[in-house]
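**Student:** Can you read through this structure? Questions will come right after.
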Amino acid sequence: MRARPYSSWISRLFVVSVAGLAVTGLLQMPLAERYALTEVPGLAWTGDFFLVHRLHSYFAALLLFTAGLAATNWLRAWRDRLALTPLGAARVVILGGLMVSGGLRMYRNLPSVTLEPALVVTIEWVHLGLAVALGGAALAALLRGPSAYARLR
Amino acid sequence: MKKSGATQSGLSRRGFLKALAVGGAGLAAPSLALAAPGEASATPGVAADAELVTVLDLSRCIGCGACVEACREANEEKFPEPTKPFPAMSPARRAKPEDWSGRRDIDDRLTPYNWLYIQSVRVRHGGADHTVHIPRRCMHCVNPPCANLCPFGAANKQTNGLTLINDSLCLGGAKCRTVCPWHVPQRQSGVGLYLHLMPRFAGNGVMYKCDRCHQRLDRGEVPACIEQCPEEVQTIGPRREMIAKARELAESMNGFMYGLDENGGTNTIYVSPVPFELLDAAIEQGRGRPHLKGVADVMAEENSAATAALLAPVAGIAAGFLGIGARLLGPGEDGHATQSKEGDDAR
Ligand code: SF4
Ligand code: SF4
Ligand code: SF4
């Protein structure tokens, strides 16, 4: 039986974007240079803060596209036939928070925008906290077997 | 040289308070710097009157160093008092502590204990010799990469245009120094939050730089370096006004400006009677000794990437309305044909 009732290319887009976001997200911290990742052949780019930041935005674009697509399909066609699994629902909430906080973070970086520093710090730490929470929830879902977000009713 | 009142004399205390009040109005609303109608501004944030700009008239600076001294005195309580010995860090070969605590007197470069220093050069221009002294510190960029790329929200631009590193949040990874076009922030190990987390594996102190005397600004006072300068080299005020003054001043001395367009615009404008290329070639450069080269907006590509990402959900929603990926596959359906067709649709 299929583990996921929706098309697998949607899952693939999702997995690629989240994996890319996890890697480039971790690399926002200045670790690549310190832990010699930049010395590994082919990984010198991990030390380029601007590039890694840009990649994070591009993976975010992919995730936001996928989320927009899935949400629209959910509202238009899926919600009567699909039900979120409990861990799926938890991850949807966490992902929603990540997307909102990440979106605000990108908005804040636009040249004509200055947000209150206290708000920026909150956005930043909510984003970091939710990233850790998503990692935990994803791990829990994988350990419990079928990790799909939704199944047929 | 043409005397232009406010630029030459500096804003009076009263004038400055008035300027702050103008800024304060902007602070109440999130200061999204919208350009006023009809005001097509090439420099981002030009209309952000909440932002304060300093103009430095280099033709007046005598290199006396009173500003450097004033900066130290005014900010002494913010200087790091590191705990020693520093915690061991891994990998020891690559993670090295930086310690300036025994060299607090150094004043010929930027350090965690010296947020302002003077570059002095002699250059020939227009058939004459010029001695030029250039007070150097953080430029307070309009769209500061040090803050935009700080992963912990420790470095932040305030709504009044200055960029501040929060010493209780900074972990000292020095990313801000790497991404700053002038590599301004300087690190002191053995202080700050990292000591209480995993000092062996992450962090390496706190980054320090000019914070534009933000507490003084909050009290309605001008920064210490401006107040103590005997030659009134610096002027501070709302961005639009200061840009006009800098332009006027540059015109009056047939001079040159630096900082107005650098890195997409900064809240510091140097005005000099000699071209900055000549100054850049003459000044000593290196760690803690910033250059004076032209700087393109280092955040430009980041801005396009962010804009793409912020628009992506709209594209996703549109695709959803077109029915892309909407078909669900029942149990036992293998869906290969549909899958690849929809895959093609999506690309
Ligand atoms: S105090 Fe004024 S004149 Fe003296 S070095 Fe500083 S800016 Fe120049
Ligand atoms: S000059 Fe450097 S440290 Fe100062 S605001 Fe700009 S990027 Fe940040
Ligand atoms: S504004 Fe304040 S912190 Fe910055 S250089 Fe002047 S005195 Fe120092």
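Readers should treat all values here as calculations from the given coordinates under stated rules, not as data from a laboratory. The shown structure was predicted, so the numbers you read here are calculated from the model rather than taken from an experiment. Please note: Cβ atoms are built from the backbone with ideal geometry, for glycine as well, and neighbour counts cover all protein chains shown.
**Student:** Which helices of chain A meet both criteria: a Cα extent of 15 Å or more along the helical axis and a mean Kyte-Doolittle score no lower than 1.0, with helices taken as whole DSSP H segments? Let's see the in-between values first.
**Tutor:** On the way: long enough: A:8-26 (27 Å, 1.57); A:49-73 (36 Å, 1.16); A:86-109 (35 Å, 0.71); A:117-143 (39 Å, 1.83).
Helices passing the filter in chain A: A:8-26, A:49-73, A:117-143.
**Student:** Checking the table B:Lys96/B:Lys293; B:Lys84/B:Lys157; B:Lys209/B:Lys293; B:Lys78/B:Lys293 against a 28 Å threshold on Cα-Cα, which pairs fail?
**Tutor:** On the way: B:Lys96/B:Lys293 30 Å; B:Lys84/B:Lys157 32 Å; B:Lys209/B:Lys293 20 Å; B:Lys78/B:Lys293 30 Å.
Table pairs above 28 Å Cα-Cα are B:Lys96/B:Lys293; B:Lys84/B:Lys157; B:Lys78/B:Lys293.
**Student:** Can you sort B:Lys245, B:Lys293 from fewest to most other Cβ atoms within 10 Å of each residue's own Cβ?
**Tutor:** In increasing order of surrounding Cβ atoms, one gets B:Lys293, B:Lys245.
**Student:** Please report the net charge: other residues with Cβ closer than 9 Å to the Cβ of B:Gln228, K and R +1, D and E -1. Before the final figure, lay out the partial values.
**Tutor:** Details: positive: none; negative: B:Glu69, B:Glu73, B:Glu227.
Computed value for this residue: -3.
**Student:** What does the convex hull of the Cα atoms of segment A:84-153 come to per residue, in Å³, rounded to a whole number?
**Tutor:** On the way: hull volume 5.8 nm³, N = 70.
In segment A:84-153, the Cα hull volume divided by residue count equals 83 Å³.
**Student:** Looking only at other chains, what is the average number of their beta-carbon atoms within 10 angstrom of each beta-carbon in B:296-305? Mind dumping the intermediate values first?
**Tutor:** Details: counts 0, 1, 1, 5, 1, 5, 9, 6, 2, 11.
Mean inter-chain Cβ contacts per residue within 10 Å come to 4.
**Student:** Pick out, from B:Ala66, A:Pro41, B:Ser252, the residue whose Cα sits farthest towards the positive end of the charge dipole of the protein assembly as shown, with +1 on the Cβ of Lys and Arg and -1 on the Cβ of Asp and Glu.
**Tutor:** Of B:Ala66, A:Pro41, B:Ser252, it is A:Pro41.
**Student:** Using the 10 angstrom Cβ neighbour count as an exposure proxy, how do B:Ser189, B:Ser120 rank, fewest first?
**Tutor:** Details: B:Ser189 28, B:Ser120 17.
Going from sparsest to densest Cβ surroundings: B:Ser120, B:Ser189.
**Student:** Separate question: Give me B:His291, A:His53, B:His214, B:His196 ranked fewest to most by other Cβ atoms within 10 Å of their Cβ, as a rough exposure proxy.
**Tutor:** Going from least to most buried by this count: B:His196, B:His214, B:His291, A:His53.
**Student:** What is the local net charge at A:Glu116, summed over the other residues whose Cβ is closer than 15 Å to its Cβ (Lys, Arg +1; Asp, Glu -1)? Don't skip to the answer; put the middle values down first.
**Tutor:** Numbers: positive: A:Arg105, A:Arg108, B:Lys157; negative: A:Glu124, B:Glu51, B:Asp218.
Around A:Glu116, the surrounding residues sum to 0.
**Student:** At 20 °C and 1.002 mPa s, grab the translational diffusion coefficient of the protein assembly as shown from Stokes-Einstein with a Kirkwood Rh over Cα pairs, rounded to a whole number in µm² per second. Write out the running numbers ahead of the final one.
**Tutor:** Values: Rh = 25.1 Å.
Stokes-Einstein gives a translational diffusion coefficient of 86 µm²/s.
**Student:** Taking amide H positions as placed 1.01 Å from N in the peptide plane, with prolines and chain starts having none, which residues 5 or more places from B:Val53, or on another chain, fall under 5 Å of its amide H?
**Tutor:** Distant-sequence amide H within range of B:Val53: B:Gly237, B:Arg239.
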